[in-house]
Amino acid sequence: MMMNRQGSSREGPSVATRVKRFPWLKALAWVTALGMLGGSLLVGGILLYFSTQVPDFRGISEYRPALISKVYDRSGNIIAEYANERRVWVPIAEIPKPVVQAFLAAEDADFYSHGGFDLKAIVRAALVNIFTERMQGASTITQQVAKTFLLSSERSYTRKIKELILSWQIERAYSKNEILELYLNRIYLGNGSYGVAAAAQTYFSKKLAELTIGERAMLAGMPQAPSRFNPVRNPKAAKARRDIIIRRMEAEGMIDSTEADAAVAAPLTLTLSPLKQGEDAPHFAEFIRRLAVQQYGEKALYEDGLAVYTTLDLALQQKAEAAVYNGLRAFDRRKGWRGPITRLESLTDWQSQVEALGAKYAHSERLGVPAVVLSIKQGKVRVGLPTAEEGLLDPASARWTGRGNPASWLKVRDVVLVKPQKDDPNAAMRSFSLEQLPAIQGALLAIDVASGEVLAMVGGLGEGVGFNRAVQAKRQVGSAFKPFVYAAALEKNYTPASLILDAPVVFRTGENEWKPHNYDNKIGGNTTLREGLEKSRNLMTIRLAQDVGLRPIADVARRLGITDRVPITDLSVALGTLTLSLLEMTSAYASLPRGGAAMEPSYLRRVQDAAGTTLYRGHAACEDCLAQLGGSPNQLPTLPKPNLTQGLSPQVAYQMTSILEGVVQRGTAYGLRSLNRAVAGKTGTTNDYIDAWFIGFTPSLAVGVWVGYDTPRSMGVGETGARSALPIWREFVAAALDGTPVEAFAVPEGLEFVRIDAKSGFLPGVNTERTFTEAFLPGTAPTQETPAFVDDPLSVPTGGETQSPGTMENLLRSFGIF
């Protein structure tokens, strides 16, 4: 109806009238309708065509992300992590709601209302891309899931069409939460991190529930451009993007204005936490890595999320690393100052030069970092560090050089190693100590006696994972081999009280002549077997080996776990001229407090795959351990004992243990008496002081230490096992056993204890000066009393009988020995 000027109403022209008046309207309507129909058919045809070209959307259900494999110590502490990409999968129910909200605000605020794609956003993005120079996306979270899981990253219209089709299919097959779980766990967030949980660990060293508003916003702002908004490389861009997301969260009502203002005002603070690379136990971690790759393959270790539970005790490992460092540092300082590590051409741009040196010496960072001498004024040395920090060198820290104040002998532009000292709040600059990277090397291995599990492994100092001297190095063992000789003698009817001649002997083979001698160049005449090992008498050991034979000695070594062939034609082997690894030697010694039972060292307790399936177990499975092994809810059961091989009888093993205790109480390892514990062991020093060893044990812990140069050369006169290796052993064992109960070595049945004259080996007599209670096999204890005087001081009781020197001489002559 229409109103005329007088207010009356009248009918307007009808549609039919208009069409008659304007016939082109009908044509336009038909064209529009046909166009729409054609367009719909075209779009439908395109969609139908491309729907046959897209991958099966159900493939996202079969997605198996590459996971991080983790290596744990015996207490569940992470030692190392291995992965090509850092991924941590978290179910959507465990992802905090504020984290989800941050990503929805940043990427797809209408996620829960759209059907997979947002037409308004698509049109808006198209207009922006056509009429401006900016490129704007319109992908929903569902589209990003489709692209990430099923499509490539190419920028094309065909990929976009496929993305829309897949998004529509995915939305009808999966719930919103299922789609969101895939997205939040798969999205790339820079620095090798995939998924929000992995990124939270990488950038903030936090769990998702611990993230602040600003930290959640920063992560949520990264999917658009992980490289451009990387907070490590581009902190300004990352903060700007973070602030934008915070305001979006405010606009969406997820946070209030007060929270938003505070979050925007807060600085962008990172606490980077890259994957653990085994820094706390570098050689052990690398040893386990190689073991895992050999057993399960590289793909399994770097992609399948293995959980490798090892025998290592990380607390003991740290004590072992410190003991080796302190011991080698003390040795190195005895040898004096070797000079600066290098010298800069100029101080122009010294920061970048020292930074490069810092990267070069990164493997030895815990020993010291490079620093350049910037100035020397008024007796003070100012140094610059790789971080561009400046500090002062503490003159007292350089006393070990024996050169006085370093201001008098260092020069500007010298580069030295330094370590920070305790901060002085009143000091203008931090103080640093003068350090030096030891040229000497060392290794330590600790084994649990009861289980054979390796508790600590130090394969070297200051050169990364490299060469593992605890396992791979084979060096002459020196006198540390002698216990095998004496154990073989005890099996051949010798007793700890048997007398052996400690006197010069010469070996001739053709024109060659060998004259072994004792370390102190002294001889002791008739000496008990016990004292011969306690004092490490070479001449006695040679005579004993000659009488017992090298084949039985080699057999004892083999039974105790020495896998290398022991020569049976070279008598010098008895003095330790053969080369063995620290691992083999320590494991063999561990058999003695175990009652002579040998076992291979173990490194793994359990290996599981990502689903929790056990792939390896270090001991036999026990379904009802609590009941079967007598455990209770408050008391863990004793694990089944591993397979053992009886290398020595328990009686002979105890006799050897007792004699090696004497090495500590009265012999070459006298320095360990201060531990006030049951300790047994043997020092080892090779010719020209090339190698230094100490291998010892308590009732529960066996530890071996080796010290020497990688390229064999003399360490210097007097650098024996007692001086170079034993202090490392003492420091570690003292720390390892601190606060633990004092133990005693177990005494097996089948022994009788008799008080004897410590010097003669017979029963005490009127002239006895010192007595000793000795362990004997039944029927082997002496019955003769120590005489008031000795007619023939060179008579040699052997195997319970007295053998005249003439008989021994004839025996030696028969072997070409005089």
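The values are calculated or read from the model by the stated rules, or taken from the named source; none is laboratory data. Computed from a prediction, not measured in an experiment: that's the story for all the values here. All Cβ positions, glycine included, derive from the backbone under ideal geometry; neighbour counts span all protein chains shown. Protein only, heavy atoms only, side chains kept; ligands, DNA and RNA dropped before computing areas. Shrake-Rupley method; radii C 1.70, N 1.55, O 1.52, S 1.80 Å.
Being hydroxyl-bearing (Ser, Thr, Tyr) and at pLDDT 85 or above is the filter here; which residues of segment 362-386 pass it? Working first, answer last.
In the first step, residues of segment 362-386 are kept if they are hydroxyl-bearing (Ser, Thr, Tyr); the result is 364, 375.
Within segment 362-386, just 375 meets the criteria.
Quick check: anything in segment 312-334 out of contact with any Gly (no Cβ under 9 Å at 6 or more places or on another chain), in contact (Cβ under 8 Å) with a residue 24 or more places away in the chain, part of a loop (DSSP other than H, G, I, E, B) and under 30 Å from residue 732 (Cβ atoms)?
Yes, because at least one residue in segment 312-334 is out of contact with any Gly (no Cβ under 9 Å at 6 or more places or on another chain), in contact (Cβ under 8 Å) with a residue 24 or more places away in the chain, part of a loop (DSSP other than H, G, I, E, B) and under 30 Å from residue 732 (Cβ atoms).
State whether one or more residues within segment 675-695 are among the polar types (S, T, N, Q), more than 30 Å from residue 597 (Cβ to Cβ) and part of a loop (DSSP other than H, G, I, E, B).
Taking every residue of segment 675-695 in turn, none turns out to be among the polar types (S, T, N, Q), more than 30 Å from residue 597 (Cβ to Cβ) and part of a loop (DSSP other than H, G, I, E, B).
Conditions (1) open to solvent by 80 Å² or more (accessible area, probe 1.4 Å); (2) modelled with pLDDT under 60; (3) within 21 Å of residue 302 (Cβ to Cβ), marked per residue:
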{"site": "41", "(1), (2), (3)": "yes, yes, no"}
{"site": "57", "(1), (2), (3)": "no, yes, no"}
{"site": "61", "(1), (2), (3)": "no, no, no"}
{"site": "91", "(1), (2), (3)": "no, no, no"}
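Residue 508 - would you say it is in contact (Cβ under 8 Å) with a residue 24 or more places away in the chain, open to solvent by 20 Å² or more (accessible area, probe 1.4 Å) and not aliphatic (A, V, I, L, M)?
yes
Report, by residue number, each residue of segment 332-344 that is touching a strand residue (DSSP E or B) at 6+ places or on another chain (Cβ under 7 Å) and either crowded, with 17+ Cβ neighbours inside 10 Å or not polar (S, T, N, Q) (or both).
340, 341, 343, 344
Any idea which of (1) under 30 Å from residue 572 (Cβ atoms); (2) modelled with pLDDT of 95 or more; (3) touching a Gly at 6+ places or on another chain (Cβ under 8 Å); (4) assigned to a loop (DSSP other than H, G, I, E, B) is the one residue 748 doesn't satisfy?
Unmet condition: (1).
Looking only at segment 409-433, count how many residues are under 20 Å from residue 337 (Cβ atoms) and modelled with pLDDT under 90.
Residues in segment 409-433 being under 20 Å from residue 337 (Cβ atoms) and modelled with pLDDT under 90: 1 in total.
Quick test for you: out of 152, 113, 75, pick the one residue that is at pLDDT below 75, open to solvent by 40 Å² or more (accessible area, probe 1.4 Å) and either part of a loop (DSSP other than H, G, I, E, B) or not hydrophobic (A, V, I, L, M, F, W, C) (or both).
Result of the check over 152, 113, 75: 152.
Test residue 325 against the stated conditions and say whether it is open to solvent by less than 60 Å² (accessible area, probe 1.4 Å), within 21 Å of residue 705 (Cα to Cα) and hydroxyl-bearing (Ser, Thr, Tyr).
Answer is yes for this residue.
Looking at (1) assigned to a helix (DSSP H, G or I); (2) crowded, with 20+ Cβ neighbours inside 10 Å, find the lone condition where residue 255 falls short.
(1)
Being charged (D, E, K, R) and assigned to a strand (DSSP E or B), is that true of even one residue in segment 391-402? If you could, list the steps in order and put the result at the bottom.
Initially, segment 391-402 is screened for residues charged (D, E, K, R), giving 394, 399.
So of that shortlist, the ones also assigned to a strand (DSSP E or B) come out as none.
No: zero hits.
With the checklist (1) touching a strand residue (DSSP E or B) at 6+ places or on another chain (Cβ under 6 Å); (2) in a helix (DSSP H, G or I); (3) within 24 Å of residue 92 (Cβ to Cβ) in hand, flag the one item residue 217 doesn't pass.
(1)
Just one of 402, 459, 391 is farther than 23 Å from residue 557 by Cα and out of contact with any strand residue (DSSP E or B) (no Cβ under 9 Å at 6 or more places or on another chain); which is it? It would help to see each step written out before you state the result.
Values: 459 fails: out of contact with any strand residue (DSSP E or B) (no Cβ under 9 Å at 6 or more places or on another chain); 391 fails: out of contact with any strand residue (DSSP E or B) (no Cβ under 9 Å at 6 or more places or on another chain).
One residue alone meets the criteria, 402.
For segment 598-617, give me each residue that is open to solvent by less than 40 Å² (accessible area, probe 1.4 Å) and closer than 11 Å to residue 451 by Cα.
598, 599, 601, 602, 603
Each row is one residue, and each column tells you yes or no for (1) open to solvent by 30 Å² or more (accessible area, probe 1.4 Å); (2) touching a residue at least 60 places away in the same chain (Cβ under 8 Å); (3) of a type in the set (A, V, I, L, M, F, W, C); (4) touching a Ser or Thr at 6+ places or on another chain (Cβ under 8 Å).
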{"position": "198", "(1), (2), (3), (4)": "no, yes, yes, no"}
{"position": "205", "(1), (2), (3), (4)": "yes, yes, no, yes"}
{"position": "242", "(1), (2), (3), (4)": "no, no, no, no"}
{"position": "262", "(1), (2), (3), (4)": "yes, no, yes, no"}
{"position": "269", "(1), (2), (3), (4)": "yes, no, no, no"}
{"position": "281", "(1), (2), (3), (4)": "no, yes, yes, no"}
{"position": "285", "(1), (2), (3), (4)": "no, yes, yes, no"}
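Give 692, 669, 678 a once-over and let me know the one that is in contact (Cβ under 8 Å) with a residue 12 or more places away in the chain, over 30 Å from residue 460 (Cβ atoms) and open to solvent by less than 30 Å² (accessible area, probe 1.4 Å).
Among 692, 669, 678, only 678 is in contact (Cβ under 8 Å) with a residue 12 or more places away in the chain, over 30 Å from residue 460 (Cβ atoms) and open to solvent by less than 30 Å² (accessible area, probe 1.4 Å).
For segment 345-360, which positions are of a type outside the set (S, T, N, Q) and either outside any loop (DSSP other than H, G, I, E, B) or surrounded by 19 or more Cβ atoms within 10 Å (Cβ to Cβ) (or both)?
Of everything in segment 345-360, those that are of a type outside the set (S, T, N, Q) and either outside any loop (DSSP other than H, G, I, E, B) or surrounded by 19 or more Cβ atoms within 10 Å (Cβ to Cβ) (or both) turn out to be 350, 354, 355, 356, 357, 358, 359, 360.
Might you let me know whether segment 471-483 holds any residue that is more than 30 Å from residue 281 (Cα to Cα) and touching a strand residue (DSSP E or B) at 6+ places or on another chain (Cβ under 8 Å)?
Yes: segment 471-483 contains one or more residues that are more than 30 Å from residue 281 (Cα to Cα) and touching a strand residue (DSSP E or B) at 6+ places or on another chain (Cβ under 8 Å).
State the number of residues belonging to segment 734-749 that are in contact (Cβ under 8 Å) with a residue 60 or more places away in the chain and surrounded by 12 or more Cβ atoms within 10 Å (Cβ to Cβ).
Number of matching residues: 8.
Quick one: in segment 441-467, which of the residues that are under 18 Å from residue 694 (Cα atoms) and in contact with a His (Cβ under 8 Å, 6 or more places away or on another chain) is surrounded by the fewest Cβ atoms within 10 Å (Cβ to Cβ)?
460
Looking at (1) open to solvent by less than 50 Å² (accessible area, probe 1.4 Å); (2) not in a strand (DSSP E or B), which one does residue 412 not meet, given that it meets all the others?
The single condition residue 412 does not satisfy is (1).
Does residue 494 satisfy being modelled with pLDDT of 95 or more, open to solvent by 10 Å² or more (accessible area, probe 1.4 Å) and in a loop (DSSP other than H, G, I, E, B)?
Yes.
Restricting the search to segment 528-554, which residues are under 14 Å from residue 503 (Cβ atoms), surrounded by 24 or more Cβ atoms within 10 Å (Cβ to Cβ) and touching an Asp or Glu at 6+ places or on another chain (Cβ under 9 Å)?
532, 537, 540, 543
Just wondering, is there one or more residues in segment 469-488 that are of a type in the set (Lys, Arg), open to solvent by less than 30 Å² (accessible area, probe 1.4 Å), touching a Pro at 6+ places or on another chain (Cβ under 8 Å) and not in a helix (DSSP H, G or I)?
Yes; the residues of segment 469-488 include at least one that is of a type in the set (Lys, Arg), open to solvent by less than 30 Å² (accessible area, probe 1.4 Å), touching a Pro at 6+ places or on another chain (Cβ under 8 Å) and not in a helix (DSSP H, G or I).
For segment 209-234, which positions are under 22 Å from residue 140 (Cβ atoms), out of contact with any Phe, Trp or Tyr (no Cβ under 7 Å at 6 or more places or on another chain) and surrounded by fewer than 17 Cβ atoms within 10 Å (Cβ to Cβ)?
Those that are under 22 Å from residue 140 (Cβ atoms), out of contact with any Phe, Trp or Tyr (no Cβ under 7 Å at 6 or more places or on another chain) and surrounded by fewer than 17 Cβ atoms within 10 Å (Cβ to Cβ): 224, 225, 228.
Given the conditions (1) at pLDDT 95 or above; (2) open to solvent by less than 30 Å² (accessible area, probe 1.4 Å); (3) touching a helix residue (DSSP H, G or I) at 6+ places or on another chain (Cβ under 8 Å), which single one is not true for residue 583?
Result: residue 583 fails condition (3) only.
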